[in-house]
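As structure tokens, the structure follows; a few thoughts come after it.
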Amino acid sequence: MSISQPRRRILTTGLGAALLLLGSGGGCGSRQREPIRFATNPWPGYDPLYVARDKGYFADAGLEVVLVDLTSIGASRRAFERGQVDGCGATLVEILLAADQSGIRPQIAAVVDYSDGADVLVAARAVKNLADLRGRRVAIEPGTLHIQLLALALDSVQLTIRDVALVPMPQNAMPAAFHDGLVAAAVCFPPESNRLLEAGGRVIFHSGQVPGEVVDTLVFDEAFVARRGNEVQGFVGAYYRAMAFMNANADEAHAIMARRGNMSVEEWRQTLKGLRFVGREEQVELLSPGGAVERSLNNLQSAMLALAQLRQSRRLKDFLIARELIAGGHVGA
């Protein structure tokens, strides 16, 4: 399995400086209300936000939005925790860690997609199957969705996280570690997963085997929602308006998205093979008690608590934005 899909790496110096400026409110002193600052990372599920910006949908909703394009989901979470941005794109891992480590309460405004094969567990040829990972060294990037996918993979063969030797490292260090035989397997996503496959690895588990478990969301800080909930509603409405535009005008929308990812349109379209976008009409069911997101959150917490990555467990309802902010706020195309 080889899907060309850029995602989540490191915070650059220039972007760090931009965040510091945003965090201090620089340049906004003459405005009555500061713009909405929203952090993204290179994951296609967030790309409709750039369509919304370029097509003027945020402006149509009466919003000024600054999309802070970071190169790592971890960097997005840290900016969110520090109050440098008002919201960010996040998986359930980042939501739990932000609540646990910073004391803020992220509010899920929308589930935008779920990974459907993009996130993979790649093993060396010497590893016969998932069960053969017992006692072997597995690379993961700490504080990311890697732990979730690994826990799901191991659970499928009645193993747990404690049955393997975790080797923490940044994802961009995994190809060299794998090539040098320092790890027997690694959890990653393209482009690094492609490098592991080129080095002789093979996919032994992927997110498509657990559809709906690895989700990406748009989240905002609870305090920001309390102050500016109507703007959050407009923000989400603009996102779905961009989705509608993408469905009706794929070539133009994909070109905007490809420019954002600094790749060709064809290469960007290949990225879509590893995810499934989630529509507005699916939100209430997904986020309902006993629904897919709650089940995924509970499974994930079990793994993270076992590794002492969380101090306490939480319920999905702790992270749910007011229902009317999910179901309402439609912005006509």
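The values are calculated or read from the model by the stated rules, or taken from the named source; none is laboratory data. It should be emphasised that the depicted structure is a prediction, and the values quoted were computed from it without experimental measurement. For neighbour counting, all protein chains shown are included, and Cβ atoms are generated from backbone atoms with ideal geometry for every residue, glycine included. The protein model used for the area step is the full one, side chains on, heavy atoms only, and it has no ligands, DNA or RNA in it. Shrake-Rupley method; radii C 1.70, N 1.55, O 1.52, S 1.80 Å.
In terms of Cα to Cα distance under 29 Å, which lysines are near enough to LYS128, apart from those fewer than 8 places away along the same chain?
LYS273
As a test, work out the antiparallel percent of DSSP beta bridges whose residues both lie in the chain, rounded to the nearest 5.
60 percent
Could you pull the accessible area for HIS179 with a 1.4 Å probe, rounded to 10 Å²?
Surface accessible to solvent at HIS179 totals approximately 140 Å².
Calculate how steeply helix 292-306 sits against the longest principal axis of the alpha-carbon atoms of the chain, using the helix alpha-carbon long axis, and give the answer as 0 to 90 degrees to the nearest 10.
50 degrees
Put +1 on the Cβ of each Lys and Arg and -1 on the Cβ of each Asp and Glu in the chain; which of GLY143, VAL183, VAL265 then has its Cα farthest toward the positive end of the dipole?
VAL183
If you roll a 1.4 angstrom probe over the protein chains with everything in place, what fraction of the accessible area of the chain belongs to carbon and sulfur, to the nearest %?
49 percent
Among residues other than ALA250 whose Cβ falls under 13 Å from its Cβ, what is the net charge (Lys/Arg +1, Asp/Glu -1)?
So the environment of ALA250 carries a net charge of -3.
In Å, the Kirkwood hydrodynamic radius of the stretch 187-300 over pairs of distinct alpha carbons?
Working: mean 1/r = 0.0585 Å⁻¹.
Result for the stretch 187-300, one decimal place: 17.1 Å.
Tell me the angle of helix 13-23 to the major Cα principal axis of the chain, expressed in degrees between 0 and 90 and rounded to the nearest ten.
That works out to roughly 40 degrees.
Could you bin all the Cα-Cα distances of the chain into 20 Å bins starting at 0 and give me the percent of pairs in each, rounded to whole numbers?
32, 59, 9, 0
Report the local net charge at GLN158: Lys and Arg +1, Asp and Glu -1, summed over other residues whose C-beta lies under 14 Å from its C-beta.
-1
Can you give me the relative contact order of the stretch 136-208 as a percent, contacts being Cα pairs under 8 Å and 6 or more apart?
With pairs under 8 Å counted, the relative contact order is 40 percent.
Per residue, how much accessible surface does the stretch 97-151 expose to a 1.4 Å probe? Answer in Å², no decimals.
On the way: 1690 Å² over 55 residues.
That works out to 31 Å² per residue.
Taking the Cα centre of the chain as origin, work out the dipole magnitude from +1 charges on Lys and Arg Cβ and -1 charges on Asp and Glu Cβ, in debye rounded to 20.
Value, rounded to 20: 580 debye.
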